[in-house]
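Participant: Dropping a structure here in structure tokens format, bear with me for questions.
The values are calculated or read from the model by the stated rules, or taken from the named source; none is laboratory data. Because the structure is a prediction, the values reported are computed rather than measured. Using ideal geometry, Cβ is built from the backbone for each residue, glycine included, and neighbour counts are taken over all protein chains shown. These area figures cover heavy atoms from the full protein model, side chains too; ligands, DNA and RNA do not enter into them. Shrake-Rupley method; radii C 1.70, N 1.55, O 1.52, S 1.80 Å.
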Amino acid sequence: FPHADYPDVGDPAPGEVWTYSDQNPRVLCDALARLYGKQDFRDNYDDVAKAAYFDAIGMRGWRTRAIQDGVRFVIDLEDMGRLGLLALARGNWDGQQIIPRSFVEELEAKQTAGMRPVYNGPDDGNVGKGWWHEHRDQFPECPYGFMTWVNSDGDLLPGADRGWAFGAGNGGTRIMWNYKLGIVFAAVGLEEKPANPNVATIIEDGILGPNPLVANAR
């Protein structure tokens with residue numbers, strides 16, 4: 001911004017507006033590739049992921065594909081679960097601090113407080129297939145972390161614990177975790193909008209709710 005097709009947004013100062021952008025991951029992947037000695041993200045990005053922490057946490061069922069907006073990861077459910085467990089372990093794996101604990105905690109915190117959201121921006125392809133833009137009055141601040149969705153305000157997953165955070169990808173791919181409850185959930189084909197019940201409330205009820213085998217027990 002400013003952008004000719006979005007005159008209502010104007011020319012905001014840094015931090016004034018949040019928008020979902022498919023261009024940002026490409027910039028991020030290029031920067032990481034160069035950090036690991038590659039020319040850009042198209043230069044065998046698998047080596048970058050392995051060296052960063054994929055090998056360290058035993059990830060084997062994954063591959064990458066370079067696309068217009070950066071690197072696309074195709075990951076099986078077991079390795080999705082490992083990523084969730086890494087977050088649950090505050091970035092520590094087998095006694096090694098692979099990711100700073102503070103950064104993992106930032107993944108779970110809303111980074112968009114005080115920012116005006118633009119859900120249908122020039123680079124996002126209308127995030128959520130238009131759902132967020134159509135319901136923008138319901139979410140005057142986007143429940144977004146660092147490329148993660150967060151329930152810090154209890155509005156993304158109504159009725160669920162506010163400690164939930166998740167990464168979401170193409171095809172309804174989702175890695176959810178809740179540090180306080182000690183839960184990781186990985187799924188493919190999960191397309192869900194804010195509602196109650198939701199997958200988090202169902203999980204909580206199943207794990208924290210009444211024990212069907214023991215009367216009056218939780």
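Participant: Of the residues 101, 90, 72, which single one is of a type in the set (Lys, Arg), in contact with a Lys or Arg (Cβ under 7 Å, 6 or more places away or on another chain), modelled with pLDDT of 95 or more and open to solvent by 40 Å² or more (accessible area, probe 1.4 Å)?
Facilitator: On the way: 90 fails: open to solvent by 40 Å² or more (accessible area, probe 1.4 Å); 72 fails: modelled with pLDDT of 95 or more.
Exactly one residue qualifies, and that residue is 101.
Participant: Sticking with this structure for a sec: Go through the range 2-29 and report how many residues are in contact with a Phe, Trp or Tyr (Cβ under 9 Å, 6 or more places away or on another chain), more than 20 Å from residue 113 (Cα to Cα) and without any contact (Cβ under 8 Å) to a residue 12 or more places away in the chain.
Facilitator: Matching residues across the range 2-29 total 0.
Participant: Can you work out which of the residues in the range 9-39 that are assigned to a loop (DSSP other than H, G, I, E, B) and touching a strand residue (DSSP E or B) at 6+ places or on another chain (Cβ under 9 Å) is nearest to residue 145 (Cα to Cα)? Before the answer, list the steps.
Facilitator: Going residue by residue through the range 9-39, those that are assigned to a loop (DSSP other than H, G, I, E, B) are 9-16, 20-23, 36-39.
Retained after the next criterion (residues that are touching a strand residue (DSSP E or B) at 6+ places or on another chain (Cβ under 9 Å)): 9-10, 12, 16, 20, 22-23.
Details: 9: 22, 10: 24, 12: 20, 16: 15, 20: 12, 22: 16, 23: 17 Å.
The residue in question is 20.
Participant: While we're on this one: Of all the residues that make up the range 177-187, how many are surrounded by fewer than 14 Cβ atoms within 10 Å (Cβ to Cβ) and of a type outside the set (Gly, Ala, Ser)? Outline the logic, then answer.
Facilitator: Filtering the range 177-187 for residues surrounded by fewer than 14 Cβ atoms within 10 Å (Cβ to Cβ) gives 180, 182.
With the extra rule that they be of a type outside the set (Gly, Ala, Ser), the set shrinks to 180.
So the count comes out to 1.
Participant: To continue, here is another question. Within the range 157-176, which residues are over 10 Å from the mean Cα position of the chain (by Cα) and crowded, with 24+ Cβ neighbours inside 10 Å?
Facilitator: Residues satisfying the conditions are 157, 164.
Participant: Here's a follow-up. Would you point out which residue out of 85, 28 is under 17 Å from the mean Cα position of the chain (by Cα), modelled with pLDDT of 95 or more and either over 23 Å from residue 189 (Cβ atoms) or open to solvent by 40 Å² or more (accessible area, probe 1.4 Å) (or both)? Walk me through how you get there before you give the answer.
Facilitator: Details: 28 fails: modelled with pLDDT of 95 or more.
Just one listed residue meets the conditions, 85.
Participant: Sticking with this one: For residue 127, work out the one condition from (1) β-branched (Val, Ile, Thr); (2) in contact (Cβ under 8 Å) with a residue 24 or more places away in the chain; (3) closer than 22 Å to residue 88 by Cβ it doesn't fulfil.
Facilitator: Residue 127 satisfies every listed condition except (3).
Participant: Next question. Which members of the range 69-94 meet the condition of being within 30 Å of residue 10 (Cβ to Cβ) and assigned to a loop (DSSP other than H, G, I, E, B)?
Facilitator: Applying the first criterion (within 30 Å of residue 10 (Cβ to Cβ)) to the range 69-94 yields 69-70.
Of everything in the range 69-94, just one residue is within 30 Å of residue 10 (Cβ to Cβ) and assigned to a loop (DSSP other than H, G, I, E, B), namely 69.
Participant: Sticking with this one: So how many residues does the range 37-46 have that are surrounded by 15 or more Cβ atoms within 10 Å (Cβ to Cβ) and under 26 Å from residue 88 (Cα atoms)?
Facilitator: Residues in the range 37-46 being surrounded by 15 or more Cβ atoms within 10 Å (Cβ to Cβ) and under 26 Å from residue 88 (Cα atoms): 1 in total.
Participant: Turning to a different aspect of this structure: Kindly list the number of the only condition in (1) under 14 Å from the mean Cα position of the chain (by Cα); (2) more than 21 Å from residue 15 (Cα to Cα); (3) open to solvent by less than 20 Å² (accessible area, probe 1.4 Å) that fails for residue 150.
Facilitator: Going through the list (1) under 14 Å from the mean Cα position of the chain (by Cα); (2) more than 21 Å from residue 15 (Cα to Cα); (3) open to solvent by less than 20 Å² (accessible area, probe 1.4 Å), residue 150 breaks only (2).
Participant: Could you count how many residues in the range 105-124 are free of Cβ contacts under 8 Å to residues at least 24 places away in the same chain and within 18 Å of residue 166 (Cα to Cα)? Full working, then the answer.
Facilitator: Step one: list which residues in the range 105-124 are free of Cβ contacts under 8 Å to residues at least 24 places away in the same chain, which gives 105, 120.
Going one step further and asking which of them are within 18 Å of residue 166 (Cα to Cα), we end up with 105.
The number of residues fulfilling the criteria is 1.
Participant: Continuing with this model, one more query. Exactly one condition in (1) out of contact with any Cys (no Cβ under 8 Å at 6 or more places or on another chain); (2) modelled with pLDDT under 95 is false for residue 60; which is it?
Facilitator: Of the numbered conditions (1) out of contact with any Cys (no Cβ under 8 Å at 6 or more places or on another chain); (2) modelled with pLDDT under 95, the odd one out for residue 60 is (2).
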